[in-house]
Structures are given as structure tokens and as C-alpha cells.
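The values are calculated or read from the model by the stated rules, or taken from the named source; none is laboratory data. All values derive from a computational prediction rather than experimental measurement. Every residue, glycine as well, gets a Cβ built from its backbone with ideal geometry; the counts of neighbours run over all protein chains shown. Each accessible area value is taken on the protein alone, full model and side chains, heavy atoms only, with ligands, DNA and RNA left out. Shrake-Rupley method; radii C 1.70, N 1.55, O 1.52, S 1.80 Å.
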Amino acid sequence: ACGTEDEEPAEETDDETTEETTDETEEEAPDFSVAMVTDEGGVDDRSFNQSAWEGIQAFGEEHGLERGEGYDYAQSDDAADYMPNLNGLIQQEYDLIFGIGFELMDSVEQVAESNPDTNFALVDDVIEADNVASVTFAEEQGSFLAGVAAALKTESDEVGFVGGITSPLIKRFEVGFVAGVKSVNPDIDVRVEYAETFSDEQMGRSFANSMYSDGIDVIYHASGAVGNGIFTEARNRIENNPDDPVWVIGVDRDQYDEGQQGDHNVALTSMVKRVDVAVQEVSEMAMSGEFPGGEHLILGLEDDAISIADTNDEAYTDEIHEEVSDWEEQILNGDIVVPETDEELEDFIDSL
Amino acid sequence: MQIIDLLQSIMPMVLFYSAPLIFTALGGVFSERSGVINIGLEGLMVMGAFIGILFNLTFAEVFGTFTPWLSLIAAGIVAGIFAMMHAVASVSFRANQVVSGVAINMIAVGLGVFLTREIYGSGQTASIAEPFYTRTIPILSDIPIIGEMFFSGTYYTSYIAILLAVFVWFVLFKTSFGLRLRAVGEHPMAADTNGISVTKIRYIGVILSGVLAGLGGATYALTISLNFSAMTISGQGFMSLAAVIFGKWHPLGAMGAAIFFGFAQALSVVGRNFPIFADVPNVYLLIAPYVLTILALAGFIGRAESPRALGDPYVKGSR
Amino acid sequence: MFSNRKFNLLVPLFSILLGFLVGAIIMVVFGYSPIDGYTALWNGAFGNAYYTGETLRQSIPLALTGLSIAFAFRSGLFNIGAEGQVFVGWLAAVWFGITFDLPAVIHLPLSILVAALAGALWAFVPGLLKATRGVHEVVVTIMMNYIALHVSNHIIRAYLLESGSRTYRINESASLRSEFLTDFFSGSQIHWGFIVAIIGAFIMWFILEKTTYGYELRAVGFNPHAARYAGMSVKKNIIMAMLIAGGFAGIAGAMEGLGTFGAMHTHAGFSNLGFDGIAVALLGANTAIGSVLAALLFGALKVGSLSMPPVAGVPSELVEIVIAIIIFFVASSYIIRWAVLRFKKEEK
Amino acid sequence: MDNYVVEMLNIRKEFPGIVANDNINLQLKKGEIHALLGENGAGKSTLMNVLFGLYQPEKGEIRVNGKPVTITDPNVANRLGIGMVHQHFMLVEKFTVAQNIILGAEPKGKGRVVDLKKAEKEIAELSERYGLSVDPKAKISDISVGMQQRAEILKTLYRGAEVLILDEPTAVLTPQEIKELIGIMKSLISEGISIILITHKLKEIMEVSDRCTVIRKGEGVGTVNVNETDVDELASMMVGRQISFKTEKTEANPKENILSIKDLHVQDIRKAMMVKGLNLDVRAGEIVGVAGIDGNGQSELIEAITGLRKSESGSIQLNGKNIENLSTRKVTESGVAHIPQDRHKFGLVLDYPIAENMVLQTYYQKPFSNSKVLSFKNIYDHANQLIEDYDVRTPSPQTKARSLSGGNQQKAIIAREVDRSPDLLIAAQPTRGLDVGAIENIHKRLIKERDKGRAVLLVSFELDEVMNVSDRIAVMFDGEIVANVKPEETNEQELGLLMAGSTKEKAGEN
Ligand SMILES: Nc1ncnc2c1ncn2[C@@H]1O[C@H](COP(=O)(O)OP(=O)(O)OP(=O)(O)O)[C@@H](O)[C@H]1O
Ligand SMILES: Nc1ncnc2c1ncn2[C@@H]1O[C@H](COP(=O)(O)OP(=O)(O)OP(=O)(O)O)[C@@H](O)[C@H]1O
Ligand SMILES: [Mg+2]
Ligand SMILES: [Mg+2]
């Protein structure tokens, strides 16, 4: 934005780099600060805490903020840490504080009440308070598309879903997925399992083993680290028999890296939930004085906050890609309303 | 028929669940037979898992398919060295062994995650590229029924663990080292007056427990989790300790107990697919391994007699 | 000569010093400033009223699990099961707090009592098996921990779930929280539980040191054969010791349920309150007052450590290491005694 | 005088706060049995531990075959041909005799496997040669104390010991076993082995040893030739005053029946019937001594009376009331006191202060507690009183029982038991391992209680003790009382035979 035109290759400087170079020299950082509190997963969970932190970092860098003053995070190792962490950040006078994950709902609710002058945002659940913005995602939409992809990929007409802990949130993943599968072919069986943990890889391994052994060839998981076990099992099968048709659909972020086995990749696709996008968006709004306090933002396909990864172009073929895009279109234009609960799913299937 | 189906689908899983526990429990047997309580098995497993993954990530390019084997060895060595802390505390400094073990557990997790952060800038590592894979043993796997159960889709580490249990039995009960080790755990002063260095034997016992628990932790990491974080080892060490006691401090008993745990655990997952268990609420399957263990201990296993001097620091000339 | 009493004080102090020293060395090795690190730790624990309140709050359940383990230790038992007893106590307190609507003077004490009973019940199983069948309490308590974890998660999900992973909130009449305390400690989650912990410590001290029950329990702990010879029932005392230990741990759970959280959430893994309690009991030499003081130290370390990464950039795991080192040296007190004696000798 | 195999010169050994050995000399001639005598805590074990390399002396010199040596650990001692049989056996109970013997010096076959066969054969040869009969394959926990001792001796011989230290070897043996042991010692010296023998029993010293070194309170008193001295001189050298051996007592004056046992059957842990239809009466004002070889049901008998073990059938009456299968607490309350056989295991909570040990059965009663709250003032007053009355040597009532000497520990137990004024006092092996001074004291105490009108049941493996103290002797064999005799009407010979299972008639004939 400032007169540094005579500097080197002007064409190549996209927005970000321009700002970076200028920030260091003169432009004053905005008088705005943002921070987040992780849930028990920690900031580097390779999942949505990490994604949220990436969003905040990107936001901070974009606006020339300094870590520790303009933006920061506080990590919770235990549920008891939420309150101290939130309060710590409040004391450091951050303007906007994110609580990442529905586990923080109570704590954010409490601190929001006692600190009406600070703005808060909660990801993955809803709080009704004027100084809190609630952000949730239309996971069912992405899961629906994952279901479509699974239905198109399966040869055995049997697919599986592994959930972490039973909860309304994970239910949306499951229901959306089943709806997607059935939309393509109502005859495909979906086996649903819940590990009742987000951390036991061994459990994921066992589920995958048992599912693949029973002829299921695509597994969609929404189960945190349990999913690592599913990838392990799929990779192991590929190692033993490269022609084994086993696939995993990742969750929250593109889990392509987890699926690499030699020159094969078992990650068919991933249901990507762009917490970073959400975080950045809410921060932008807050900085520009339009903080959506008291509102509930549901971010979905249309906000680019939910998407389906196409990194694995060998497995995730063009045909699949096209068909998924078709269905995506139908969701976007409202032809399809993806169910979110078991009852809605029943109605949805009946209507097929 | 259904039972055979169930067994066939469950056995490979049982074998791979139990391998880390067998290794670690055998380590526990060495330490406890020498008279040193080792509640630090959990922490030693953490160390093993951490080193196993660290080595694998670092040297996968260099060693290729040998990497997991070398990772295993590295993990054993480092965990063995780490176990020396426990030996120093409980043998030389006459520490309360339970407490020293608790400290080992805390240090291992703290250090493992601290170093992971320092090295990878994140609380958990990436997935390794060179894990162990299951193998199907030629010929043996063709044996009807048994072949399917025991020789297909299993890790070599599972077989190694079982063979090692037999080897440990041999060492403990047939060699002079074993005789001395057991004597030290039963009656250290008798051993001492016979000219056996109680300190030396106990150090060896504890270090071996470190090596084996390291192997156990690394086996878990290299076959199941494929990465390292604070959550990677969560309770397997305690289960191994339980296996030691359940198995009455006998290597084959400990192995049996570890396999029993593996079986109960596998059943809680695989069992759901079988009509007999279909209507059983999830929670019952989840707690089944633990309830079964308690019932087994209370019922037909009965009183287990620990090595006499277990937990007592040996002070020369005291009584 | 150094008196035993002096030693008992000196050993933990020395250990704490050594723990921090090792922590400082690690920080230096990895390029952090120990001064910044420890300043952040101190400020994060006692820097202002809020943090002080949090430190106290964190110390409450630690003190109680410490008492639980110390009590069992003194009776010759090793209660690794505090972890599970915390869960069931927590669940029971929250259930009682949700389900009933009573005047606070009745509701609150009853909720705590229910938690104590639940914890005691959980500890009864290993106690009974140890007493009647000679089953090693360590194995049974480990198993009971897992059972508690899964069962309490299941019960929460099946019967008490309000939203996400959390139960309904307890009724105000069962809450340990108070406006006054929260305001006094500038918004901290501190609650009246610290009084419960102090009463708990007093009760433990009183039972063990002043009553015939304590006399029996300690006798059984030191020498079960002599206890039997003297006409005490070893079985009864083992069960009793586990019941009381379980009660303390159950109350620790109630502190979380009625105080800090006002609810219970499902847990992916253990709370570590029980395992940390082992460290607390040890540092406190298995005494009541010692456990309370040790809990304060660990509470401060745990709360303070949260400030280390943001303020000084030091990973909070460092504190975990420092705690472990302290425990390590306390356990190895012999070496400290030896060093002190040596020092004294040379002085002469 | 250069044929000393071992010489310990001016040995000084300190423990924190105490000098256990000061300037002690001991010279052992080849082929002699050399007794080492001293009160409890005089420093005998310490001196021998120094010789065996378990302790390092602060001062002094040790010579073996005239050459100065430094014995840093038992291995060195073994190499120098010194073997020791400890006061408390150093045997691993779960191991077999052979495993215990070879431990640390295992013969190895191929593949580092212990060659147990070879070892067993060698051991069999050794035991043949020295007349130490023992089954190499037997588990230690299954064999008698005497056999265990032989295993201990074999252990030293297996390592080629030429000097054998025996620390109180007879304290745990039955008269028969003692006889056998003496035979063994004689055969050992005839094979050229030299023996240092620690014992409190002066008669034994007189019987077997050639010379005797006496130490008192850590200092050497002197060495005498045994055939130039007598029991009284030895005793006064050891204690520093005259000791009377024949326990003085008046005629008993028995009154009503206190304890009455009829057709009692009791099993041991392994469900073997150990007491088989036993009948026994003890009356007020008499001491009944139960003589018998260890393992004939004495322990089970005492445990059944005191409620520590359930009886299978039969009745036990105290003052006419049935007490069989009552709890220990109930039995105690109905007037039974019990001086247990193993004072460390049963008699004391070693980590409790003396004062708290003195109320081990009465802590819950007034005045020691009031509605479940202990009154430490009363507990300590009581302890001070007992310490004074019974001459328990302890720095203070707060002192842990662990740090008292065996003799004083025993005094504390006796004080506690006697002080409750029981109707029946059971004393099991009350003088085991104690020196003559302490024994004299305890015997006097038992007689005093008798004279106060109490019924005293004395169970002992020591014939001397039974003969000296009892008013009536009940001989126990194989779970039954096989004979009731008066001490003045019998002799050791007859008793020994009765204890071995001969009938009274047969025993009388001999
Ligand atoms: N391990 C030790 N630590 C400290 N002091 C000790 C130790 N062993 C012995 N002593 C001290 O040394 C003295 C001598 O003890 P020692 O065991 O040698 O006596 P003893 O003559 O063998 O007695 P007894 O006839 O009872 O066996 C004791 O009075 C005791 O105070
Ligand atoms: N660990 C120790 N520390 C200090 N003093 C000790 C220790 N062990 C023994 N003693 C001392 O040793 C002395 C002798 O006690 P000891 O136990 O040898 O008596 P004892 O009559 O031989 O008993 P026992 O019947 O067990 O043989 C006592 O004065 C006691 O204070
Ligand atoms: Mg002695
Ligand atoms: Mg003695």
C-alpha cells in the first residue's frame, strides 16, 4: 500500500509479502490483539487446534502483529486449565479471545459474563451472550460429500464410519456421511462404530482391521488420534498387498500425509474443516469493528470453511471429483438439505 | 463354528496387542525378581516409544527397511540407560522404590514431550515412514484353523516377544545368573554372604527391565501408533506391571497374563461383530478386560507370592 | 547430631532446591533463560490475587488425593487407585448435586459425603480382595481405575449429559463456589474446598495419631503379624484403611465437581490427580500437614507452569520434569542424609 | 606360637554413636574349637562379621596363616578359606539345599547352564564325608532347622572353608540336634578344620571347645583354656559379676484349674493335623513346662489357645469357661497373656516407640484411651512405670523398639504381658538367644508370677530351661502329651527319649 514500488520484482509481490516488508519498516501495527485457548488436544494436535493457531498466526502476520503481544495462544493440558488460561489472556488484555472446541463452552461462558468488555469467540458450540461470537461448521455437508466419494469408490458396497466419542457434533459427521452414501446408492451398507475415545490408536487399528477384514473398503473417521490407527492398518494392508482396495477418508484437515505408503496413498480424500478460515474471518470482523457478538455463524461449503480434499488425484479420480462437485452444487443451491440428526436422516433416506 | 470364526479374527489382534505388554512385563520380571519394584515401566515404555520414533524419523532414509529393527535396538539401549536412574535411586540411594518409579514415569513423559517440542517444534511427531508391517508366514499359515489364527497377518515382534519369554524363563531358571538374580530378590543378605554383589545384580535387573520396556514401548510405537506424543503410552506400562503380578513373577506367567489382557482387549473391539455380543452395551465390553483380570485374580489365581525382598533396599549388615 | 525432625524438613527442602537446579540446567542447555522461566512460573503462581487463587484451587484436590495415598501408605497399602476413586467421587457428587434440590447447609455436605462414599466403595473392592483373598492391591486398583474411567464416561453420556461432553450443572445449593472468594481472588475459580482439604488433613492426622483406629491401622501397616497377635483384625483394618483412603480421593473428586467445574465432563484419559497424589504424599512424608504443604507446592508449579510458554517461551513440560526430579530426590533421601552427615563430620 | 590360622589383633569397629568392638584380640589355632563368649550386644557378631568381610574394621590387623590380609568382602573371606554360618540363616527358602549351597559358586555345564546334577553329587559326597546328612534336592522351606544348619555348614565346606565361624548355632536347635551338631563339629576338627563357636550356653563351651575368648561391652576380657576353667568363672568374666545357675524357687502350691484342654485337634496351614487329641491342665500357682522337639505341634497348640488359629475339635477352658475359637482379642480379655516365640515377628511393632508397644493389647481400654481417643499421657506414664519395674534398658519410652537389644526387647514384652495380671501366662521360648544374665532375670520373673498365683505354661525346646523352671513337665510328641513328669523325678536322658517318642515305661527302663 505504500510507496515501495521501485523495489524489485513488483509483479511477484503478492499482498502478503508487500505488507510484511513494509510492516517491519514503518507501518504501525493495528491496535488489536487476538489469542486463543486450546482444548486438551494442545496446539499441535495436527487437527483443529493447530488449524486454529495457523489461522491466528496468519492473521497476525498479515497485520504485522508480534507473537506474545498481538497474538498468542494458551495451551490446556487438562480441563482444569481452561479457566486459568482464559483469565490469563484476559489479564494480558487481548481484545478477542477464542475458545477452540466445545469443551471450552462453560469456561468461555463464565469469563464472558464476568468480562463484558472483552470479546470472545467459541468454535464448535454455541453460547448466547453479547460479547461472544459462536462459530460452528456444517460438518454434515462435508461429510455428505465424503459419503458420496466413498459410495463412488467402494467396490464391495460396504463402507464404514468410525466416530470418536458419541456426541451431537460427531453425530453430524456420521449422519452426513450416511446420507451422502445412500444418496448415491441406497444399497450400500454403512457400518458405524464409536471408539468412545479420541486418543486410542490401538482401538482405531482394531476397528479398521475388523472392518477391512469383513469386506469394507472405505472408512471415514471422525475420531482424532484413533484415526491414526485406521491409517496404520490401511497402510499395513497395502504394504502386504499393494492391490488391496482399502481407503481411508481423513477428517478436519487434509490427512494425505498420513496415508502415504511407498508410492501408494490410502487417503482417498479428507473432509477439511477450515478452522483457520473461521478464526481469521472472525478476527478480521472484530478488528474492523464488526464483531459478530451474540451471533451464531455456521460456516459451510459456501464459506469455503468446509471442503473436500483432492490431493490424492490417483485415487480421487476426475470422475469422482466431478460427481462430488455436482452434489456440492446441489447443496449450495439448496436442492439438498443435509440431515444433522438421526431423525432427519431417517426422513432423508425415506425421501430418496 | 462361530467360536472358531471369532478366534480366527481375534488371534492376530491378540498377538499384536500383547507383544508390547509381553516385552515390558518380561522387563518387570527381571527387575522385580531382583527385588526392585518397578512401577516405572510406564515411563520406560514412554522412553522406548519416543526413541523408537525419533530414530525412525531421523534415519528412515539411511537404513530403509532395516530402520524399524534398528529403532527397536536404539529404544532398548536408551531406555536401558534411562532405567539406570531408577537403579541409582533404588539400589544405591536406597530410595522408596515405588516413589522412584513414579518419578521415572513423570520424567519420561516430561522429557519425551519436551524433547519432541525442541526437535519438531510440536507436541507430537509426524507419522513414521518405516513402521513394522504384518507378515504372513509361508507354509505355517496354510495349516488349517491354526494357520489362520497364529501365522497370518501377524508382526514378527509378536513372535519375538513370545520366544523371548521362553528365553527369559531359561535365563532365570537354568543359568547361574538367574539363580543369583532370584537369590538377590529373595534374600539379598544370603546372596551377599555368598559373595554375590547385590548392587550389581540389581543394577542389571533394573537395566534389563529398561531395555525390555524400551522394546515394548518401541514395539507399540512402531506397530500401532506410528508417532509419538504424550498420549502414545497411556497405561500400557501399568498393565504390564499388572501382568507381572498376575503372572506371579514368572516369565511365562507374565506372558500368559499379557496375552490374556490382549485377548480381553481384542474381544472388546472385535466381539461387537459377533451375535453373542451384539446386544451387549459398549461399556461392558470396554471394562471387560479389567473386570476379567480382577475376577481371575480373586478367583482361581489366588494369592501371588512376591519375591521376599521385593521393595526392600539392601543395606549391608542390617537386619 | 542432627535430629530426625530436622532431617525430615531438610530432605524435602533440599530436594526442591535440587529439582529447580536441574530445571535451570535444562533450560540453559536448551537456550532458555532460567531467570525468565522461573519468574514466569512464580508470577503465574503467585503474581497476583487471581493466580494465587488458582494455585490454591489446584492444590485442593491434590491435597486430598495426597491424603488418600498417605493414609493408605501408613496402613501398609499402596493406593494407586486414587485416580479411579476421584472419578467416581466426582460423578457421585455431581449426580447428587444435579438430582436433588435441598437447602445448601444440607445439600453441600451431603454431596461431599456421597462422593466420599462412592470413593470408599470403589476402594472397598481392592480392600476386600486384599483382606480376604490376598490379592495384590496394586493390580486391583489399577484395574479399578480403568473401570472407573469407562463407567463414569458411560454414565455421563447415558444419563447426565447436557451438552457436548459435560453433565448438567449442579444446583447452586451444592456448589462450593462463592462470589466472595471469586471476587477476593479477582475472578479465580477458587472455592471453599480449601476448607474441606484442611478439615480432611485434620481428620487424617487425628485418626492416625490420636485414635485407637489409627493406632491399629499403623500397627497393621508396620507389622501385620504383631497386630494379629495383639488381637487386632488385620482384615478389618485393611478394608478400613482402603475405605478411608477411598473416601479422601472421592472427596477430591467432589472438589472438582462441586467446586472447580460445577459439573463433570467425560474424560479421554486419567485426570492425573491420583498419580500426582502419590508424589504429594511422598513429598509430605505421608503426613497430613506434609501432604497439604506438598499439594500447595505442586499446585503452584502446575498453575505457574501454564504461564511459562507464553511469557518465557519455555515448554510447560519442564515443570513436569522439575516435579519428577524433586520426587526422585525425596525418594532418595538417603543420599541427602549421607551428604549432610558427611558435611557435619568434616565440620568437626 | 606360629600355628594360628587366624589372628585378629586390636580390632576396633565403630557404628554411628557406638563402639561395637574395641581393641579385641582373638587367635585361632589350627584344629581347635574356639568359643567366643559375651553378653547380648557385647560385639561377638560384629567381630565375626569383620572377619568375614561384611564390615571393615576401623583399626587392627587380621592375619591368616600368619600373613596380614585385608578382607574386603565375603568373597575374599571365602578365598582365604573362612566360612561363616550366621546367627540368622542365610538361606533362600524357595531354593533347594543344593541351589543354596552352590549359589555364587555355581558349577557350569555347557551353554552357561548350571550343572545341578554335578553339584548334587558333590554335595552328597561332602555330606557323607563329614556326616552331615541332608537331602540336596529338598527345598529349604520344607526341612527342619537342624537340616538347614547342616546346609549352611555344607555351604562353607563346598567353598573349601578351613575356618568355620558358627554364630549361635545351638540357639535354634533341639537337644537331639545339638548333640548331632557337636558330633559334626568334632568330625570337622578331626578333618583339620578350625572352628570359632559363638554361644551363650556355657555348658556347651565346656563340653566341646578347647579355648574361650570372652568379650564384654565391646572389649576383650581375655582368653582361657577351657579345661582350666569352669562355668562360674566364664560367667563372671562375661558379666562382671557372679551368676547363679540353679534357679532358686520354692515348692509350688498349685490351686484350682485355670487352663483345661480336652481332646484338642488343630491343623496347620497346610491342613496337616498337628495337634491330635491333646489333653492338658494348668493350675493356678504352677509352672507347666511343655518339653518337646520343634514341630510336634507346640506352635499350633499355643496358637489355638490364644485364638490365632482355629481348632478342629475339642475344648479349651479357661477358669471353666470355653475359650476355644474365640478371637484373639476375646482370649486376651479373658485373662491370657502370651510371650510369643518370635519376638520380632509377633511380639513387637518394631517401628513403634517402646511406650506404644507396651499397650499393644490394651490401647483401646481405659486409661489408655477414652471413647477411641488415645491418652498419650497415660500411655507414657504406664511405659515409664514398666520400664522402671522391669528394668528395661532404653534411652527413653519414645525410643523405637527396633533399636533395643534382643534382651531388652524381650524384657519389654514380658513387662507388658505380666503387667496385665493374667490368669494364664504362656511363655514360648522366652529366653531364646539371650545371654545368661538375661535368662536368669526372665526365669526369676516367671517364678515370681507363679508365686502370685498365676498359671504359667512354658513351652521350650531347651531341656535345661524346662527342668529348672517347671513344677511339672508335659512332654509333647506328635501332637499329644505323651507323659507328665516331675522335674525332680526325671532326667535329661529320660526326657530326651520321651520327646523322641518312646513311651514312659520304655524310657523309664533305660
Ligand atoms: N548394623 C549395626 N548398626 C549399628 N550398630 C550396630 C550394628 N550391628 C551391631 N551394632 C552395635 O554393635 C553392638 C554389638 O552388636 P553385636 O550384634 O555384635 O552383638 P552380639 O555380641 O553378637 O550380641 P548377641 O549375643 O545378641 O548376638 C551392639 O550393641 C550394637 O549397638
Ligand atoms: N540396624 C541396627 N542399628 C542399630 N543398632 C542395631 C541394629 N541392629 C541391631 N542393633 C543393636 O544390636 C544389639 C544386639 O541386638 P540383637 O538384635 O543382635 O540382639 P539379639 O539378642 O541377638 O536378638 P536376636 O534374638 O534377634 O538374635 C542391640 O543393642 C541393638 O541395639
Ligand atoms: Mg550376635
Ligand atoms: Mg542374638
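Please work out if D:GLY146 is touching a residue at least 24 places away in the same chain (Cβ under 8 Å), over 24 Å from D:GLY53 (Cβ atoms) and either within 16 Å of ligand 1 (Cβ to nearest atom) or not in a loop (DSSP other than H, G, I, E, B) (or both). When the stated conditions are applied, D:GLY146 passes them.
Of the helices (runs of 4 or more DSSP H) lying entirely inside the range D:364-453, those carrying at least 1 residues that are free of Cβ contacts under 8 Å to residues at least 12 places away in the same chain and basic (Lys, Arg) are D:376-389, D:436-451. Return only the number of the condition from (1) at pLDDT 95 or above; (2) open to solvent by 10 Å² or more (accessible area, probe 1.4 Å) that C:ASN237 does not satisfy. If we test C:ASN237 against (1) at pLDDT 95 or above; (2) open to solvent by 10 Å² or more (accessible area, probe 1.4 Å), just (2) comes out false.
Among all positions in the range B:67-82, there is no residue which is open to solvent by 20 Å² or more (accessible area, probe 1.4 Å) and at the interface with another protein chain (Cβ under 10 Å from one of its Cβ atoms).
Consider the range D:20-43 and keep the residues that are of a type outside the set (S, T, N, Q), within 16 Å of ligand 2 (Cβ to nearest atom) and under 25 Å from the mean Cα position of the chain (by Cα). The one that is farthest from the other protein chains (Cβ to nearest Cβ) is D:LEU37.
Can you find a residue that is within 16 Å of ligand 3 (Cβ to nearest atom) and touching a Gly at 6+ places or on another chain (Cβ under 8 Å) anywhere in the range D:29-40? For the range D:29-40, residues within 16 Å of ligand 3 (Cβ to nearest atom) and touching a Gly at 6+ places or on another chain (Cβ under 8 Å): present.
Taken as a whole, the condition of being within 16 Å of ligand 3 (Cβ to nearest atom) and at pLDDT below 90 applies to D:LYS201. Out of D:GLY314, D:GLY277, one residue alone is without any contact (Cβ under 8 Å) to a residue 60 or more places away in the chain and more than 22 Å from the chain's Cα centre (by Cα). It is D:GLY314.
Applying the criterion of being under 20 Å from C:GLY53 (Cβ atoms) and touching a Phe, Trp or Tyr at 6+ places or on another chain (Cβ under 6 Å) to the residues of the range C:251-269, the residue that is nearest to the other protein chains (Cβ to nearest Cβ) is C:GLU256. Checked against (1) assigned to a helix (DSSP H, G or I); (2) more than 14 Å from chain B (Cβ to nearest Cβ), C:ARG157 passes all but condition (2).
What do you reckon, is C:VAL220 crowded, with 24+ Cβ neighbours inside 10 Å and either modelled with pLDDT under 95 or assigned to a helix (DSSP H, G or I) (or both)? Considered against the rule, which asks whether it is crowded, with 24+ Cβ neighbours inside 10 Å and either modelled with pLDDT under 95 or assigned to a helix (DSSP H, G or I) (or both), C:VAL220 comes out as yes.
Among the criteria (1) free of Cβ contacts under 8 Å to residues at least 24 places away in the same chain; (2) more than 11 Å from chain C (Cβ to nearest Cβ); (3) open to solvent by 20 Å² or more (accessible area, probe 1.4 Å), the one A:ALA112 does not fulfil is (3).
If you check A:SER156, A:SER183, A:SER213 for being open to solvent by 10 Å² or more (accessible area, probe 1.4 Å), in contact (Cβ under 8 Å) with a residue 60 or more places away in the chain, over 23 Å from the mean Cα position of the chain (by Cα) and farther than 18 Å from A:ALA315 by Cβ, only one passes: A:SER183. D:GLY104 passes every criterion in (1) more than 16 Å from ligand 4 (Cβ to nearest atom); (2) out of contact with any Lys or Arg (no Cβ under 9 Å at 6 or more places or on another chain); (3) within 14 Å of chain B (Cβ to nearest Cβ) apart from (2).
The set of residues in the range D:403-432 that are open to solvent by 50 Å² or more (accessible area, probe 1.4 Å) and within 16 Å of ligand 3 (Cβ to nearest atom) comprises D:SER403, D:ARG432. Give me the residue from the range D:102-137 that is among the small types (Gly, Ala, Ser) and open to solvent by 20 Å² or more (accessible area, probe 1.4 Å) and, out of that set, farthest from D:LEU173 (Cα to Cα). Within the range D:102-137, the match that is farthest from D:LEU173 (Cα to Cα) is D:GLY111.
Within the set C:LEU91, C:LEU67, C:LEU129, the sole residue that is free of Cβ contacts under 8 Å to residues at least 12 places away in the same chain and either in a helix (DSSP H, G or I) or closer than 15 Å to C:LEU273 by Cβ (or both) turns out to be C:LEU129. For the range D:209-218, the criterion of a residue being under 19 Å from the mean Cα position of the chain (by Cα), in the same structural domain as D:THR156 (by TED's automatic domain parsing) and at pLDDT 90 or above is satisfied by no position.
Would a scan of the range C:299-309 turn up a residue that is surrounded by fewer than 24 Cβ atoms within 10 Å (Cβ to Cβ) and over 15 Å from the mean Cα position of the chain (by Cα)? Yes, that holds for at least one residue. Taken over the range D:73-101, residues that are open to solvent by 20 Å² or more (accessible area, probe 1.4 Å), away from ligand 2 (no atom under 16 Å from the Cβ) and within 11 Å of chain B (Cβ to nearest Cβ) amount to 9. For the range C:279-286, the count of residues that are open to solvent by 10 Å² or more (accessible area, probe 1.4 Å), at pLDDT 95 or above and within 28 Å of B:ASN105 (Cβ to Cβ) is zero. With respect to being without any contact (Cβ under 8 Å) to a residue 60 or more places away in the chain and either within 16 Å of ligand 4 (Cβ to nearest atom) or away from every other protein chain (no Cβ under 14 Å) (or both), D:ASN3 fits the description. Of the helices (runs of 4 or more DSSP H) lying entirely inside the range A:201-317, those carrying at least 1 residues that are among the aromatic types (Phe, Trp, Tyr) and in contact with a helix residue (DSSP H, G or I) (Cβ under 9 Å, 6 or more places away or on another chain) are A:201-213, A:226-240. Of everything listed in (1) small (Gly, Ala, Ser); (2) open to solvent by 30 Å² or more (accessible area, probe 1.4 Å); (3) in contact with a helix residue (DSSP H, G or I) (Cβ under 6 Å, 6 or more places away or on another chain); (4) within 22 Å of D:LYS345 (Cα to Cα), the single unmet condition for C:ALA226 is (2). Filtering the range D:323-359 to residues that are surrounded by fewer than 20 Cβ atoms within 10 Å (Cβ to Cβ), at the interface with chain C (Cβ under 9 Å from one of its Cβ atoms) and outside any helix (DSSP H, G or I) leaves D:SER327, D:ASP342, D:LEU350, D:ASP351. Entry remark, the range D:422-441: residues being more than 14 Å from the chain's Cα centre (by Cα) and either within 12 Å of ligand 4 (Cβ to nearest atom) or at pLDDT 90 or above (or both) number 5 in total.
Scan the range D:93-102 and give yes if some residue there is within 16 Å of ligand 3 (Cβ to nearest atom) and either out of contact with any Cys (no Cβ under 8 Å at 6 or more places or on another chain) or in the same structural domain as D:GLU168 (by TED's automatic domain parsing) (or both), otherwise no. Checking the range D:93-102: not a single residue is within 16 Å of ligand 3 (Cβ to nearest atom) and either out of contact with any Cys (no Cβ under 8 Å at 6 or more places or on another chain) or in the same structural domain as D:GLU168 (by TED's automatic domain parsing) (or both).
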